[in-house]
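A.B. asks: Input: one structure, supplied below.
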(Lines give C-alpha, C1' and ligand atoms only; values in the text may rest on other atoms or scores of the structure.)
Protein backbone atom coordinates (compact mmCIF):
# COMPACT_ATOMS: atom_id res chain seq x y z
CA UNK A 1 0.00 0.00 0.00
CA UNK A 2 1.12 3.47 -0.75
CA UNK A 3 2.51 5.35 2.23
CA UNK A 4 0.22 8.23 1.56
CA UNK A 5 -2.71 5.88 1.44
CA UNK A 6 -3.04 5.45 5.22
CA UNK A 7 -6.52 5.28 6.64
CA UNK A 8 -7.97 4.94 3.25
CA UNK A 9 -11.71 4.35 3.33
CA UNK A 10 -12.30 0.88 1.97
CA UNK A 11 -15.51 -0.83 1.05
CA UNK A 12 -17.38 -3.13 3.45
CA UNK A 13 -15.32 -6.23 4.30
CA UNK A 14 -18.01 -8.63 3.19
CA UNK A 15 -18.33 -7.09 -0.23
CA UNK A 16 -18.13 -9.42 -3.18
CA UNK A 17 -17.08 -8.41 -6.64
CA UNK A 18 -19.78 -8.21 -9.22
CA UNK A 19 -19.79 -11.19 -11.53
CA UNK A 20 -21.53 -11.25 -14.84
CA UNK A 21 -22.89 -14.39 -16.37
CA UNK A 22 -21.21 -15.42 -19.56
CA UNK A 23 -22.85 -14.08 -22.62
CA UNK A 24 -23.86 -16.90 -24.86
CA UNK A 25 -23.56 -15.69 -28.36
CA UNK A 26 -23.54 -17.63 -31.53
CA UNK A 27 -20.36 -16.89 -33.36
CA UNK A 28 -21.46 -15.04 -36.42
CA UNK A 29 -20.36 -16.61 -39.63
CA UNK A 30 -18.22 -14.34 -41.64
CA UNK A 31 -18.82 -15.31 -45.19
CA UNK A 32 -15.59 -15.23 -47.04
CA UNK A 33 -16.05 -12.77 -49.80
CA UNK A 34 -14.76 -14.30 -52.93
CA UNK A 35 -11.45 -12.63 -53.25
CA UNK A 36 -11.77 -10.51 -56.31
CA UNK A 37 -8.59 -9.07 -57.59
CA UNK A 38 -9.62 -5.81 -55.93
CA UNK A 39 -12.11 -5.42 -53.11
CA UNK A 40 -13.21 -1.92 -52.28
CA UNK A 41 -12.09 -0.38 -49.02
CA UNK A 42 -14.70 0.34 -46.38
CA UNK A 43 -14.75 3.94 -45.17
CA UNK A 44 -16.69 5.71 -42.48
CA UNK A 45 -16.44 9.21 -41.09
CA UNK A 46 -17.31 10.68 -37.70
CA UNK A 47 -17.20 7.58 -35.50
CA UNK A 48 -15.44 9.20 -32.57
CA UNK A 49 -17.20 11.88 -30.58
CA UNK A 50 -14.51 13.44 -28.45
CA UNK A 51 -12.37 14.63 -31.30
CA UNK A 52 -13.19 17.19 -33.90
CA UNK A 53 -13.18 14.79 -36.82
CA UNK A 54 -12.50 11.12 -37.32
CA UNK A 55 -12.53 8.37 -39.88
CA UNK A 56 -12.30 4.60 -40.06
CA UNK A 57 -10.84 2.75 -43.01
CA UNK A 58 -10.69 -0.93 -43.75
CA UNK A 59 -8.78 -1.80 -46.84
CA UNK A 60 -10.64 -4.26 -48.96
CA UNK A 61 -8.06 -6.80 -50.00
CA UNK A 62 -6.17 -7.28 -46.76
CA UNK A 63 -6.89 -6.81 -43.10
CA UNK A 64 -5.53 -3.32 -42.66
CA UNK A 65 -7.76 -1.21 -40.41
CA UNK A 66 -7.08 2.35 -39.41
CA UNK A 67 -8.75 4.87 -37.15
CA UNK A 68 -7.87 8.51 -37.62
CA UNK A 69 -8.77 11.29 -35.22
CA UNK A 70 -8.28 15.00 -35.79
CA UNK A 71 -8.03 17.37 -32.85
CA UNK A 72 -7.99 21.11 -32.96
CA UNK A 73 -7.42 23.80 -33.94
CA UNK A 74 -6.45 24.34 -30.34
CA UNK A 75 -4.23 26.94 -28.72
CA UNK A 76 -0.52 26.40 -28.55
CA UNK A 77 1.66 28.17 -26.06
CA UNK A 78 5.01 29.66 -26.69
CA UNK A 79 6.02 32.10 -29.35
CA UNK A 80 3.58 33.59 -31.82
CA UNK A 81 2.83 31.56 -34.92
CA UNK A 82 0.77 33.02 -37.74
CA UNK A 83 0.10 29.55 -39.11
CA UNK A 84 -1.22 26.43 -37.50
CA UNK A 85 1.28 23.79 -36.46
CA UNK A 86 0.31 20.41 -37.82
CA UNK A 87 1.36 17.18 -36.15
CA UNK A 88 0.77 13.64 -37.35
CA UNK A 89 1.17 10.63 -35.09
CA UNK A 90 1.05 7.18 -36.54
CA UNK A 91 0.65 4.51 -33.89
CA UNK A 92 0.34 0.78 -33.84
CA UNK A 93 -2.23 -0.03 -31.21
CA UNK A 94 -2.11 -3.79 -31.59
CA UNK A 95 1.38 -4.39 -30.34
CA UNK A 96 -0.01 -6.29 -27.36
CA UNK A 97 -3.27 -7.38 -28.86
CA UNK A 98 -4.56 -10.81 -27.97
CA UNK A 99 -4.32 -13.52 -30.52
CA UNK A 100 -7.22 -15.87 -30.86
CA UNK A 101 -5.57 -18.35 -28.49
CA UNK A 102 -5.23 -15.68 -25.81
CA UNK A 103 -1.50 -15.22 -26.12
CA UNK A 104 0.05 -11.91 -26.91
CA UNK A 105 2.70 -11.54 -29.50
CA UNK A 106 4.22 -8.39 -28.01
CA UNK A 107 4.45 -6.65 -31.29
CA UNK A 108 7.14 -8.94 -32.61
CA UNK A 109 5.75 -8.76 -36.08
CA UNK A 110 5.47 -5.07 -36.28
CA UNK A 111 7.65 -2.27 -37.21
CA UNK A 112 9.50 -0.38 -34.58
CA UNK A 113 8.31 3.00 -33.50
CA UNK A 114 11.23 4.56 -35.33
CA UNK A 115 9.84 3.43 -38.65
CA UNK A 116 6.50 4.87 -37.74
CA UNK A 117 8.11 8.20 -36.94
CA UNK A 118 9.46 8.35 -40.47
CA UNK A 119 6.04 7.57 -41.85
CA UNK A 120 4.42 10.18 -39.60
CA UNK A 121 6.88 12.76 -40.84
CA UNK A 122 6.23 11.86 -44.45
CA UNK A 123 2.48 12.23 -43.91
CA UNK A 124 2.92 15.50 -42.05
CA UNK A 125 4.84 16.96 -44.97
CA UNK A 126 2.09 15.97 -47.37
CA UNK A 127 -0.65 17.53 -45.30
CA UNK A 128 1.37 20.65 -44.53
CA UNK A 129 1.03 21.47 -48.19
CA UNK A 130 -2.69 20.79 -48.34
CA UNK A 131 -4.20 22.11 -45.11
CA UNK A 132 -4.85 25.87 -45.21
CA UNK A 133 -2.61 26.49 -42.24
CA UNK A 134 -2.71 30.28 -42.43
CA UNK A 135 -6.41 30.24 -41.63
CA UNK A 136 -5.64 28.93 -38.17
CA UNK A 137 -3.18 31.27 -36.46
CA UNK A 138 -1.76 30.52 -33.01
CA UNK A 139 -3.10 27.02 -33.04
CA UNK A 140 -2.15 23.41 -33.36
CA UNK A 141 -3.87 20.67 -35.32
CA UNK A 142 -3.18 17.16 -34.10
CA UNK A 143 -3.80 14.10 -36.20
CA UNK A 144 -3.60 10.61 -34.77
CA UNK A 145 -3.65 7.51 -36.93
CA UNK A 146 -4.06 4.19 -35.16
CA UNK A 147 -3.40 0.91 -36.91
CA UNK A 148 -6.10 -1.24 -35.38
CA UNK A 149 -5.50 -4.41 -37.31
CA UNK A 150 -3.07 -5.62 -39.88
CA UNK A 151 -1.76 -8.80 -41.35
CA UNK A 152 1.89 -9.20 -40.58
CA UNK A 153 2.50 -9.28 -44.30
CA UNK A 154 1.07 -5.80 -44.53
CA UNK A 155 3.56 -4.12 -42.30
CA UNK A 156 6.28 -4.62 -44.84
CA UNK A 157 4.07 -3.03 -47.45
CA UNK A 158 4.74 0.51 -46.37
CA UNK A 159 3.44 2.16 -49.57
CA UNK A 160 0.06 0.52 -49.02
CA UNK A 161 0.04 1.59 -45.37
CA UNK A 162 0.89 5.16 -46.34
CA UNK A 163 -1.84 5.23 -48.94
CA UNK A 164 -4.46 4.12 -46.46
CA UNK A 165 -3.17 6.55 -43.81
CA UNK A 166 -3.38 9.38 -46.31
CA UNK A 167 -6.98 8.44 -47.14
CA UNK A 168 -7.82 8.18 -43.47
CA UNK A 169 -6.35 11.55 -42.58
CA UNK A 170 -8.06 13.14 -45.55
CA UNK A 171 -11.46 11.86 -44.49
CA UNK A 172 -10.75 12.90 -40.91
CA UNK A 173 -9.93 16.43 -42.03
CA UNK A 174 -13.06 16.59 -44.18
CA UNK A 175 -15.11 15.36 -41.24
CA UNK A 176 -13.54 18.02 -39.02
CA UNK A 177 -14.45 20.69 -41.58
CA UNK A 178 -10.82 21.67 -41.75
CA UNK A 179 -10.03 23.73 -44.81
CA UNK A 180 -7.91 21.78 -47.29
CA UNK A 181 -6.97 22.90 -50.76
CA UNK A 182 -7.40 19.57 -52.49
CA UNK A 183 -8.19 15.90 -52.07
CA UNK A 184 -4.61 14.79 -51.76
CA UNK A 185 -3.91 11.16 -52.51
CA UNK A 186 -1.13 8.64 -52.73
CA UNK A 187 -0.56 6.36 -55.66
CA UNK A 188 1.50 3.25 -55.05
CA UNK A 189 3.42 0.47 -56.65
CA UNK A 190 2.97 -2.26 -54.07
CA UNK A 191 6.04 -2.94 -51.89
CA UNK A 192 8.09 -0.55 -53.99
CA UNK A 193 7.23 3.09 -53.79
CA UNK A 194 4.50 5.65 -53.40
CA UNK A 195 4.02 9.16 -54.70
CA UNK A 196 1.50 11.67 -53.41
CA UNK A 197 -0.29 13.94 -55.83
CA UNK A 198 -2.58 16.95 -55.81
CA UNK A 199 -4.51 18.72 -58.54
CA UNK A 200 -5.49 15.57 -60.40
CA UNK A 201 -1.90 14.48 -60.66
CA UNK A 202 -0.53 17.74 -62.01
CA UNK A 203 1.59 18.32 -58.92
CA UNK A 204 3.54 15.98 -56.67
CA UNK A 205 3.90 16.60 -52.97
CA UNK A 206 5.64 13.53 -51.65
CA UNK A 207 7.85 10.65 -52.79
CA UNK A 208 8.73 7.49 -50.90
CA UNK A 209 10.82 4.67 -52.27
CA UNK A 210 11.68 1.46 -50.51
CA UNK A 211 14.81 0.49 -52.40
CA UNK A 212 17.26 2.72 -54.13
CA UNK A 213 17.94 1.31 -57.55
CA UNK A 214 19.59 3.52 -60.06
CA UNK A 215 18.44 1.87 -63.22
CA UNK A 216 14.76 2.49 -62.56
CA UNK A 217 13.03 5.08 -64.62
CA UNK A 218 11.53 7.64 -62.28
CA UNK A 219 9.12 8.92 -64.87
CA UNK A 220 7.75 5.44 -65.38
CA UNK A 221 7.32 4.98 -61.63
CA UNK A 222 5.52 8.30 -61.27
CA UNK A 223 3.28 7.44 -64.21
CA UNK A 224 2.30 4.14 -62.62
CA UNK A 225 1.67 5.81 -59.28
CA UNK A 226 -0.41 8.48 -60.94
CA UNK A 227 -2.73 5.89 -62.41
CA UNK A 228 -3.12 4.32 -59.01
CA UNK A 229 -3.67 7.76 -57.46
CA UNK A 230 -6.48 8.58 -59.87
CA UNK A 231 -8.19 5.28 -59.08
CA UNK A 232 -7.82 5.99 -55.38
CA UNK A 233 -9.06 9.54 -55.74
CA UNK A 234 -12.12 8.33 -57.59
CA UNK A 235 -12.89 6.02 -54.67
CA UNK A 236 -12.55 8.81 -52.13
CA UNK A 237 -14.55 11.38 -54.02
CA UNK A 238 -17.32 8.92 -54.84
CA UNK A 239 -17.49 8.03 -51.14
CA UNK A 240 -17.64 11.70 -50.15
CA UNK A 241 -20.28 12.47 -52.76
CA UNK A 242 -22.41 9.51 -51.80
CA UNK A 243 -22.19 10.22 -48.11
CA UNK B 1 -29.36 38.69 -59.96
CA UNK B 2 -26.67 36.07 -60.14
CA UNK B 3 -27.68 32.87 -61.85
CA UNK B 4 -26.08 30.42 -59.46
CA UNK B 5 -27.07 27.43 -61.53
CA UNK B 6 -24.11 28.22 -63.74
CA UNK B 7 -21.82 27.20 -60.91
CA UNK B 8 -21.50 23.88 -59.09
CA UNK B 9 -23.93 23.38 -56.26
CA UNK B 10 -22.17 20.63 -54.35
CA UNK B 11 -18.40 20.59 -54.02
CA UNK B 12 -15.53 18.67 -52.47
CA UNK B 13 -12.22 20.17 -51.39
CA UNK B 14 -10.21 21.14 -54.44
CA UNK B 15 -13.21 21.46 -56.75
CA UNK B 16 -13.39 24.47 -59.01
CA UNK B 17 -16.21 26.88 -58.16
CA UNK B 18 -15.84 29.93 -60.36
CA UNK B 19 -13.38 32.33 -61.92
CA UNK B 20 -12.69 35.51 -59.97
CA UNK B 21 -14.66 37.53 -62.51
CA UNK B 22 -17.56 36.52 -64.67
CA UNK B 23 -19.96 38.22 -67.06
CA UNK B 24 -23.71 37.94 -66.84
CA UNK B 25 -25.30 35.77 -69.54
CA UNK B 26 -28.00 38.22 -70.50
CA UNK B 27 -26.41 41.57 -69.85
CA UNK B 28 -22.78 41.89 -70.76
CA UNK B 29 -22.44 45.09 -68.78
CA UNK B 30 -22.86 43.28 -65.50
CA UNK B 31 -19.64 41.86 -64.16
CA UNK B 32 -19.62 39.57 -61.18
CA UNK B 33 -16.65 39.75 -58.88
CA UNK B 34 -16.25 36.81 -56.52
CA UNK B 35 -14.45 36.97 -53.20
CA UNK B 36 -13.31 33.98 -51.17
CA UNK B 37 -15.35 33.45 -48.00
CA UNK B 38 -15.19 30.61 -45.50
CA UNK B 39 -14.58 27.30 -47.23
CA UNK B 40 -13.03 28.74 -50.37
CA UNK B 41 -9.65 29.96 -51.48
CA UNK B 42 -8.00 31.49 -54.53
CA UNK B 43 -5.70 29.36 -56.58
CA UNK B 44 -4.11 29.38 -60.01
CA UNK B 45 -5.58 27.17 -62.68
CA UNK B 46 -4.17 26.42 -66.10
CA UNK B 47 -6.51 26.41 -69.07
CA UNK B 48 -4.95 26.15 -72.53
CA UNK B 49 -1.53 26.90 -71.07
CA UNK B 50 -2.82 30.18 -69.68
CA UNK B 51 -2.96 30.70 -65.96
CA UNK B 52 -6.13 32.03 -64.43
CA UNK B 53 -7.00 32.82 -60.87
CA UNK B 54 -10.00 30.83 -59.76
CA UNK B 55 -11.93 30.08 -56.60
CA UNK B 56 -11.78 26.52 -55.33
CA UNK B 57 -13.56 24.87 -52.43
CA UNK B 58 -11.65 23.87 -49.31
CA UNK B 59 -14.58 22.21 -47.56
CA UNK B 60 -17.14 19.61 -48.51
CA UNK B 61 -20.56 21.15 -48.87
CA UNK B 62 -22.86 23.41 -50.82
CA UNK B 63 -21.88 26.62 -52.56
CA UNK B 64 -23.58 29.86 -51.57
CA UNK B 65 -23.23 33.28 -53.12
CA UNK B 66 -23.82 36.23 -50.85
CA UNK B 67 -24.03 39.63 -52.46
CA UNK B 68 -22.03 42.40 -50.91
CA UNK B 69 -24.28 45.44 -50.82
CA UNK B 70 -21.61 47.87 -51.96
CA UNK B 71 -21.81 48.25 -55.72
CA UNK B 72 -18.67 49.24 -57.47
CA UNK B 73 -18.37 51.05 -60.75
CA UNK B 74 -15.58 50.68 -63.19
CA UNK B 75 -15.51 53.34 -65.85
CA UNK B 76 -12.52 51.99 -67.75
CA UNK B 77 -14.66 49.41 -69.49
CA UNK B 78 -11.87 46.93 -69.94
CA UNK B 79 -12.19 43.22 -70.33
CA UNK B 80 -13.49 41.58 -67.24
CA UNK B 81 -10.47 39.34 -66.82
CA UNK B 82 -8.21 42.35 -66.68
CA UNK B 83 -10.13 44.05 -63.94
CA UNK B 84 -7.83 42.80 -61.31
CA UNK B 85 -5.17 45.40 -61.82
CA UNK B 86 -7.76 48.08 -61.41
CA UNK B 87 -8.81 46.77 -58.09
CA UNK B 88 -6.81 49.22 -56.05
CA UNK B 89 -8.06 52.11 -58.12
CA UNK B 90 -11.58 50.90 -57.68
CA UNK B 91 -11.16 50.77 -53.97
CA UNK B 92 -10.25 54.44 -53.88
CA UNK B 93 -13.23 55.30 -55.97
CA UNK B 94 -15.44 53.12 -53.92
CA UNK B 95 -15.64 55.59 -51.08
CA UNK B 96 -16.95 58.39 -53.30
CA UNK B 97 -19.27 56.34 -55.39
CA UNK B 98 -20.84 54.22 -52.74
CA UNK B 99 -24.07 56.12 -52.58
CA UNK B 100 -24.96 57.01 -56.16
CA UNK B 101 -23.87 54.72 -59.01
CA UNK B 102 -22.51 56.70 -61.90
CA UNK B 103 -24.72 56.63 -64.98
CA UNK B 104 -22.07 57.04 -67.64
CA UNK B 105 -20.09 53.99 -66.58
CA UNK B 106 -19.71 51.09 -68.90
CA UNK B 107 -19.91 48.17 -66.58
CA UNK B 108 -21.52 47.40 -63.29
CA UNK B 109 -19.55 45.26 -60.91
CA UNK B 110 -21.51 43.15 -58.49
CA UNK B 111 -19.51 41.70 -55.67
CA UNK B 112 -20.29 38.33 -54.20
CA UNK B 113 -18.74 36.41 -51.37
CA UNK B 114 -18.53 32.71 -52.08
CA UNK B 115 -19.08 30.40 -49.13
CA UNK B 116 -19.03 26.64 -48.87
CA UNK B 117 -21.13 25.29 -46.04
CA UNK B 118 -22.67 22.02 -44.99
CA UNK B 119 -26.21 23.36 -45.13
CA UNK B 120 -28.24 23.68 -48.28
CA UNK B 121 -29.43 27.06 -49.41
CA UNK B 122 -32.95 26.95 -48.02
CA UNK B 123 -31.75 25.86 -44.63
CA UNK B 124 -29.42 28.81 -44.50
CA UNK B 125 -32.30 31.27 -44.68
CA UNK B 126 -32.26 33.51 -41.69
CA UNK B 127 -34.82 35.73 -40.09
CA UNK B 128 -34.76 38.99 -42.03
CA UNK B 129 -36.04 40.92 -39.03
CA UNK B 130 -32.87 40.30 -37.13
CA UNK B 131 -30.04 42.69 -37.67
CA UNK B 132 -26.58 41.66 -38.66
CA UNK B 133 -24.80 39.84 -35.88
CA UNK B 134 -28.07 39.11 -34.13
CA UNK B 135 -28.98 35.91 -35.91
CA UNK B 136 -29.99 33.41 -33.30
CA UNK B 137 -28.73 30.48 -35.29
CA UNK B 138 -25.09 29.71 -34.88
CA UNK B 139 -23.50 28.36 -38.00
CA UNK B 140 -21.93 25.08 -37.01
CA UNK B 141 -20.18 24.48 -40.24
CA UNK B 142 -16.76 25.85 -39.76
CA UNK B 143 -13.93 24.56 -37.69
CA UNK B 144 -12.40 27.98 -38.05
CA UNK B 145 -13.95 29.70 -35.08
CA UNK B 146 -10.69 31.12 -33.86
CA UNK B 147 -10.77 34.65 -32.48
CA UNK B 148 -9.65 37.19 -35.05
CA UNK B 149 -9.37 40.95 -35.10
CA UNK B 150 -12.72 42.62 -34.58
CA UNK B 151 -14.50 39.57 -33.22
CA UNK B 152 -16.61 39.80 -30.08
CA UNK B 153 -15.55 37.18 -27.56
CA UNK B 154 -16.76 36.08 -24.15
CA UNK B 155 -14.00 35.64 -21.60
CA UNK B 156 -13.49 34.73 -17.98
CA UNK B 157 -11.21 36.90 -15.86
CA UNK B 158 -8.45 34.81 -14.33
CA UNK B 159 -6.14 37.38 -12.81
CA UNK B 160 -6.02 41.12 -12.31
CA UNK B 161 -3.17 43.51 -11.67
CA UNK B 162 -2.86 47.29 -11.70
CA UNK B 163 -1.99 47.37 -15.40
CA UNK B 164 -4.09 44.66 -16.90
CA UNK B 165 -6.67 41.95 -16.50
CA UNK B 166 -5.82 38.46 -17.72
CA UNK B 167 -8.66 36.50 -19.21
CA UNK B 168 -9.31 33.19 -20.88
CA UNK B 169 -11.38 33.26 -24.03
CA UNK B 170 -14.38 31.00 -23.69
CA UNK B 171 -16.01 31.38 -27.07
CA UNK B 172 -16.29 33.67 -30.05
CA UNK B 173 -19.75 35.21 -30.16
CA UNK B 174 -22.10 33.72 -32.75
CA UNK B 175 -19.68 30.88 -33.31
CA UNK B 176 -19.90 27.31 -32.29
CA UNK B 177 -17.68 25.46 -29.87
CA UNK B 178 -15.72 22.71 -31.51
CA UNK B 179 -16.63 19.16 -30.67
CA UNK B 180 -13.30 18.71 -28.98
CA UNK B 181 -13.67 22.12 -27.35
CA UNK B 182 -10.58 23.60 -28.86
CA UNK B 183 -11.84 27.02 -27.88
CA UNK B 184 -13.78 27.34 -24.70
CA UNK B 185 -13.03 24.05 -23.08
CA UNK B 186 -15.58 23.57 -20.37
CA UNK B 187 -13.74 20.93 -18.45
CA UNK B 188 -15.28 18.00 -20.30
CA UNK B 189 -13.06 18.31 -23.33
CA UNK B 190 -10.67 15.43 -23.75
CA UNK B 191 -7.18 16.39 -24.67
CA UNK B 192 -5.17 14.11 -26.83
CA UNK B 193 -3.01 12.74 -24.05
CA UNK B 194 -0.65 10.70 -26.14
CA UNK B 195 0.97 13.68 -27.76
CA UNK B 196 0.27 16.49 -30.11
CA UNK B 197 0.67 20.18 -29.71
CA UNK B 198 -1.62 20.22 -26.70
CA UNK B 199 0.21 17.66 -24.66
CA UNK B 200 3.59 19.25 -25.16
CA UNK B 201 2.54 22.52 -23.64
CA UNK B 202 -0.43 21.70 -21.48
CA UNK B 203 -0.11 20.33 -17.99
CA UNK B 204 -3.11 20.18 -15.75
CA UNK B 205 -0.96 21.18 -12.79
CA UNK B 206 0.13 24.35 -14.52
CA UNK B 207 -3.28 25.32 -15.79
CA UNK B 208 -4.35 28.60 -14.31
CA UNK B 209 -7.96 27.55 -14.01
CA UNK B 210 -10.34 24.72 -14.58
CA UNK B 211 -11.03 25.77 -18.13
CA UNK B 212 -8.46 23.53 -19.73
CA UNK B 213 -6.97 24.49 -23.06
CA UNK B 214 -8.12 27.96 -23.95
CA UNK B 215 -6.77 30.94 -25.75
CA UNK B 216 -5.63 33.58 -23.29
CA UNK B 217 -6.24 37.27 -23.59
CA UNK B 218 -5.29 40.46 -21.83
CA UNK B 219 -7.26 43.66 -21.31
CA UNK B 220 -4.77 46.45 -20.66
CA UNK B 221 -5.95 49.28 -18.44
CA UNK B 222 -5.89 51.76 -21.32
CA UNK B 223 -8.23 49.52 -23.29
CA UNK B 224 -10.90 49.24 -20.61
CA UNK B 225 -12.90 52.35 -21.53
CA UNK B 226 -12.82 55.02 -24.17
CA UNK B 227 -12.69 58.05 -21.86
CA UNK B 228 -10.28 58.93 -19.03
CA UNK B 229 -8.18 56.05 -20.18
CA UNK B 230 -5.19 56.86 -18.02
CA UNK B 231 -7.06 56.88 -14.73
CA UNK B 232 -8.54 53.42 -15.04
CA UNK B 233 -8.25 51.27 -11.95
CA UNK B 234 -8.52 47.65 -12.97
CA UNK B 235 -9.86 46.60 -9.56
CA UNK B 236 -12.83 48.89 -10.05
CA UNK B 237 -13.57 47.33 -13.42
CA UNK B 238 -13.07 43.59 -13.16
CA UNK B 239 -12.77 40.87 -10.56
CA UNK B 240 -11.49 37.35 -11.10
CA UNK B 241 -14.29 35.06 -12.18
CA UNK B 242 -16.28 37.73 -14.04
CA UNK B 243 -17.56 36.90 -17.50
CA UNK B 244 -16.61 39.76 -19.80
CA UNK B 245 -17.68 40.59 -23.33
CA UNK B 246 -14.69 41.93 -25.25
CA UNK B 247 -13.60 42.83 -28.72
CA UNK B 248 -10.37 41.45 -30.15
CA UNK B 249 -7.88 44.22 -30.91
CA UNK B 250 -5.11 42.03 -32.27
CA UNK B 251 -3.77 38.52 -32.24
CA UNK B 252 -1.19 39.78 -29.79
CA UNK B 253 1.86 37.73 -28.96
CA UNK B 254 2.39 34.04 -28.49
CA UNK B 255 0.57 34.02 -25.19
CA UNK B 256 -2.21 36.55 -25.28
CA UNK B 257 -4.79 38.08 -27.55
CA UNK B 258 -5.19 41.81 -26.93
CA UNK B 259 -8.76 42.68 -26.04
CA UNK B 260 -10.71 45.84 -25.38
CA UNK B 261 -13.93 46.74 -23.56
CA UNK B 262 -13.97 50.37 -24.72
CA UNK B 263 -17.52 50.32 -26.09
CA UNK B 264 -20.90 50.63 -24.41
CA UNK B 265 -21.88 47.10 -25.27
CA UNK B 266 -18.61 45.65 -24.00
CA UNK B 267 -17.68 44.91 -20.41
CA UNK B 268 -18.77 42.64 -17.59
CA UNK B 269 -21.92 40.67 -18.36
CA UNK B 270 -21.99 38.23 -15.45
CA UNK B 271 -20.44 38.76 -12.04
CA UNK B 272 -21.00 37.44 -8.55
CA UNK B 273 -20.74 39.66 -5.51
CA UNK B 274 -18.24 39.28 -2.69
CA UNK B 275 -15.52 37.76 -4.82
CA UNK B 276 -17.71 35.01 -6.19
CA UNK B 277 -19.19 34.01 -2.83
CA UNK B 278 -22.32 36.08 -3.22
CA UNK B 279 -25.09 36.10 -5.74
CA UNK B 280 -25.30 37.06 -9.37
CA UNK B 281 -25.41 40.82 -9.77
CA UNK B 282 -27.22 43.10 -12.18
CA UNK B 283 -25.87 46.23 -13.78
CA UNK B 284 -27.63 49.42 -12.69
CA UNK B 285 -25.35 51.79 -14.55
CA UNK B 286 -22.20 51.45 -16.60
CA UNK B 287 -19.95 51.21 -13.56
CA UNK B 288 -22.08 49.73 -10.78
CA UNK B 289 -23.62 46.33 -10.23
CA UNK B 290 -26.06 45.36 -7.51
CA UNK B 291 -26.86 42.05 -5.85
CA UNK B 292 -30.67 41.84 -5.82
CA UNK B 293 -31.31 40.48 -2.31
CA UNK B 294 -28.29 41.54 -0.27
CA UNK B 295 -28.21 44.98 -1.93
CA UNK B 296 -24.44 44.78 -2.16
CA UNK B 297 -23.08 47.35 -4.60
CA UNK B 298 -19.88 46.62 -6.45
CA UNK B 299 -17.93 48.47 -9.10
CA UNK B 300 -17.48 46.96 -12.53
CA UNK B 301 -17.11 48.17 -16.09
CA UNK B 302 -20.50 46.85 -17.19
CA UNK B 303 -21.67 45.99 -20.66
CA UNK B 304 -24.93 47.57 -21.74
CA UNK B 305 -27.33 44.70 -21.27
CA UNK B 306 -29.74 45.60 -24.07
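The values are calculated or read from the model by the stated rules, or taken from the named source; none is laboratory data. Computed from a predicted structure; not experimentally measured. Heads up, the Cβs are rebuilt from the backbone with ideal geometry, glycines too, and the neighbour counts pull from every protein chain shown.
A.B. asks: Might you let me know whether the range A:135-150 holds any residue that is within 22 Å of residue B:54 (Cβ to Cβ) and within 11 Å of chain B (Cβ to nearest Cβ)?
C.D. replies: Looking for residues that are within 22 Å of residue B:54 (Cβ to Cβ) and within 11 Å of chain B (Cβ to nearest Cβ), one finds at least one in the range A:135-150, hence yes.
A.B. asks: Which condition number does residue A:125 fail, the rest of (1) crowded, with 18+ Cβ neighbours inside 10 Å; (2) at pLDDT 90 or above; (3) more than 14 Å from chain B (Cβ to nearest Cβ); (4) over 13 Å from the mean Cα position of the chain (by Cα) being met?
C.D. replies: In the conditions (1) crowded, with 18+ Cβ neighbours inside 10 Å; (2) at pLDDT 90 or above; (3) more than 14 Å from chain B (Cβ to nearest Cβ); (4) over 13 Å from the mean Cα position of the chain (by Cα), residue A:125 misses (1) alone.
A.B. asks: Which residues, taken from the range A:63-98, are part of a loop (DSSP other than H, G, I, E, B), modelled with pLDDT of 85 or more and under 20 Å from residue B:145 (Cα atoms)?
C.D. replies: A:80, A:81, A:82, A:83, A:84
A.B. asks: If we keep just the residues of the range A:64-82 that are within 29 Å of residue A:158 (Cβ to Cβ) and in contact with a helix residue (DSSP H, G or I) (Cβ under 7 Å, 6 or more places away or on another chain), which is nearest to the other protein chains (Cβ to nearest Cβ)?
C.D. replies: So, considering only residues that are within 29 Å of residue A:158 (Cβ to Cβ) and in contact with a helix residue (DSSP H, G or I) (Cβ under 7 Å, 6 or more places away or on another chain), the one nearest to the other protein chains (Cβ to nearest Cβ) is A:71.
A.B. asks: Checking residue A:186 against (1) under 15 Å from the mean Cα position of the chain (by Cα); (2) part of a helix (DSSP H, G or I), which test does it fail?
C.D. replies: (2)
A.B. asks: Considering each residue of the range A:132-152, count those that are within 17 Å of the chain's Cα centre (by Cα) and either more than 14 Å from residue A:89 (Cα to Cα) or surrounded by fewer than 23 Cβ atoms within 10 Å (Cβ to Cβ) (or both), and give that number.
C.D. replies: Total satisfying the criteria: 6.
A.B. asks: Any residue in the range A:156-174 that is at the interface with another protein chain (Cβ under 7 Å from one of its Cβ atoms) and not in a strand (DSSP E or B)?
C.D. replies: Yes, some residue in the range A:156-174 is at the interface with another protein chain (Cβ under 7 Å from one of its Cβ atoms) and not in a strand (DSSP E or B).
A.B. asks: Quick one: in the range A:51-62, which of the residues that are more than 20 Å from residue B:146 (Cα to Cα) and touching a helix residue (DSSP H, G or I) at 6+ places or on another chain (Cβ under 7 Å) is nearest to the other protein chains (Cβ to nearest Cβ)?
C.D. replies: A:54
A.B. asks: Hey, could you check the range B:4-28 for residues that are part of a loop (DSSP other than H, G, I, E, B) and within 26 Å of the chain's Cα centre (by Cα) and say which is nearest to residue B:67 (Cα to Cα)?
C.D. replies: Going through the qualifying residues, I end up with B:20.
A.B. asks: While we're here: Quick one: which of A:50, A:36 is modelled with pLDDT under 85, exposed (fewer than 10 other Cβ atoms within 10 Å of the Cβ) and under 30 Å from residue A:239 (Cα atoms)?
C.D. replies: Just one listed residue meets the conditions, A:36.
A.B. asks: Could you tell me whether the range B:287-299 includes any residue that is assigned to a loop (DSSP other than H, G, I, E, B), closer than 15 Å to residue B:153 by Cβ and in the same structural domain as residue B:163 (by the TED database)?
C.D. replies: Scanning the range B:287-299, I find no residue that is assigned to a loop (DSSP other than H, G, I, E, B), closer than 15 Å to residue B:153 by Cβ and in the same structural domain as residue B:163 (by the TED database), so the answer is no.
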